[in-house]
1. Could you grab me the full set of residues in segment 287-334 that are over 18 Å from Cys126 (Cβ atoms) and assigned to a loop (DSSP other than H, G, I, E, B)?
2. Restricting to segment 28-52, what's the tally of residues that are modelled with pLDDT under 95 and not in a loop (DSSP other than H, G, I, E, B)?
3. Out of all the residues in segment 102-138, which are open to solvent by less than 50 Å² (accessible area, probe 1.4 Å) and of a type in the set (Val, Ile, Thr)?
4. Out of all the residues in segment 227-249, which are in contact with a Ser or Thr (Cβ under 9 Å, 6 or more places away or on another chain) and open to solvent by less than 60 Å² (accessible area, probe 1.4 Å)?
5. Given Met252, Met261, which one is among the hydrophobic types (A, V, I, L, M, F, W, C), open to solvent by less than 10 Å² (accessible area, probe 1.4 Å) and either part of a loop (DSSP other than H, G, I, E, B) or farther than 17 Å from Pro227 by Cβ (or both)?
6. Considering (1) part of a helix (DSSP H, G or I); (2) crowded, with 17+ Cβ neighbours inside 10 Å; (3) of a type outside the set (Val, Ile, Thr), say which one Ala25 fails and leave the rest.
7. Scan segment 362-381 residue by residue and report those that are over 17 Å from Thr7 (Cα atoms) and in contact with an Asp or Glu (Cβ under 8 Å, 6 or more places away or on another chain).
8. I need a count of the residues in segment 346-368 that are out of contact with any helix residue (DSSP H, G or I) (no Cβ under 8 Å at 6 or more places or on another chain) and open to solvent by less than 10 Å² (accessible area, probe 1.4 Å).
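The values are calculated or read from the model by the stated rules, or taken from the named source; none is laboratory data. Remember, predicted model here, so these are calculated numbers, not experimental data. So basically every Cβ, Gly included, is an ideal-geometry build from the backbone, and we count neighbours across all protein chains shown. Just so you know, the surface numbers come from the protein's heavy atoms only, side chains and all, with ligands and any DNA or RNA stripped out. Shrake-Rupley method; radii C 1.70, N 1.55, O 1.52, S 1.80 Å.
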Amino acid sequence: MKTVYITEVGAHLPGEPVTNEQVEAVLGKIDNQPNRVKLFVLQNNGIKQRYYALNPTTGERTHTNASLTAEAVRDLCARLDMPVTAVQGLACGSASPDQLLPSHSNMVAGELAMAPAEIMSTAGVCASGMTSMKYAWMCMALGLRDNFVATGSERASAFMMKHVFTGMTQDLKPGQVAPMVSFEKEFLRWMLSDGAGAVMMESEPRPDRLNLRIDALDVMCWSGETPTCMYNGLNKNKDGSWSYWTDEPDMMDVVRKGYLMLQQDVRALEAHMVRVGVEGLKIARDKFGVNFDEIDWFLPHLSSMYFKGRLDEGMRAAGINVPDEKWFTNLSYKGNVGSASIYIILEELLHSGKLKKGQKIFCAVPESGRFTVAGMALTVV
């Protein structure tokens with residue numbers, strides 16, 4: 001296998017930052033719903049501001065997911081003084097593509113007016129940005145392309161706007177609370193936001209900048225032993241079975257029954273997320289020989305700061321000790337951008353002036369969809 005280098009990282013966050021006090025004004029207030037879920041989640045997740053691809057006054061969309069991704073790729077190529085038409089491969093991961101068909105990467109390639117190139121679209125939730133990265137890395141390691149761009153992007157706001165909830169609240173009487181707009185259906189409304197990131201992979205480091213050599217990259221799932229936790233397009237029934245939006249004979253019921261909402265089983269999240277995250281780190285240590293004592297920067301994708309202490313505790317119990325000063329996250333001021341988060345974190349660190357040649361970086365991305373963990377070990381060269 002050939003050695004592969006990340007030679008640059010680009011990112012795009014749309015518009016101006018939206019504070020906690022502004023979120024409901026931008027997304028719209030759900031009719032007849034008290035603020036108890038909002039207040040509880042925002043008090044615990046540690047996010048102070050985030051970005052939405054929305055006009056803050058009108059609520060109209062300012063970007064598609066594809067155009068957000070294209071902006072990140074343009075930023076990446078501009079930093080390299082490289083035309084987009086020179087890109088030979090494009091792998092795009094996202095949990096929130098704009099359409100069912102064609103694939104997300106097809107639409108991004110169209111936005112960029114790319115020359116003919118290999119493409120790949122990876123699905124999932126937060127780890128989809130890392131599965132796209134792994135595909136690009138494997139193609140480069142096999143010598144199939146001279147360069148490859150991988151991306152992670154989200155336009156989660158499309159699932160969080162007031163009108164998504166309207167079908168479940170429109171028949172309520174004044175003062176009546178919507179029984180189906182439960183904690184699980186509203187939880188992610190206060191967690192997720194929009195943005196995109198992109199990395200350039202090449203077979204040689206560029207001498208005019210710091211580069212990141214990929215030493216290991218792995219993605220593992222625990223779906224065979226864990227329940228579905230984060231979902232969209234299906235509803236969980238009282239007996240534990242699932243109903244799917246495609247089975248509804250009346251398409252209006254797809255809206256009325258909340259199929260289009262991003263939902264989170266918080267009990268499953270609490271029961272499995274930290275355990276699975278730690279298991280993923282143990283695989284990186286035991287299978288790939290990652291020495292966490294030698295790591296200079298630990299970049300976890302944290303969905304919420306609520307999990308930071310619990311993850312640290314679980315890591316220490318497993319013999320993985322990473323001092324707090326080595327953790328690097330921008331969750332509080334750039335938000336939880338799902339599959340794009342690890343790109344946005346890596347972009348900020350790479351251009352922060354904090355990195356030095358020879359330093360070791362480990363990126364960890366746990367995903368709660370049905371519990372997947374991705375990890376990547378890097379060396380600054």
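1. Residues satisfying the conditions are Gly289, Val290, Asn291, Ile295, Asp296, Ala318, Gly319, Ile320, Asn321, Val322, Pro323.
2. Number of matching residues: 9.
3. Listed by number, the residues that qualify are Val108, Thr122, Val125, Thr131.
4. Filtering segment 227-249 down to residues in contact with a Ser or Thr (Cβ under 9 Å, 6 or more places away or on another chain) leaves 229-230, 232-237, 242.
Result: Cys229, Met230, Gly233, Leu234, Asn235, Asn237.
5. Numbers: Met252 fails: open to solvent by less than 10 Å² (accessible area, probe 1.4 Å).
Unique residue meeting the criteria: Met261.
6. (2)
7. From segment 362-381, those over 17 Å from Thr7 (Cα atoms) are 364-375; that's our starting set.
If the condition is that a residue be over 17 Å from Thr7 (Cα atoms) and in contact with an Asp or Glu (Cβ under 8 Å, 6 or more places away or on another chain), then Val373, Ala374, Gly375 are the ones that fit.
8. 2
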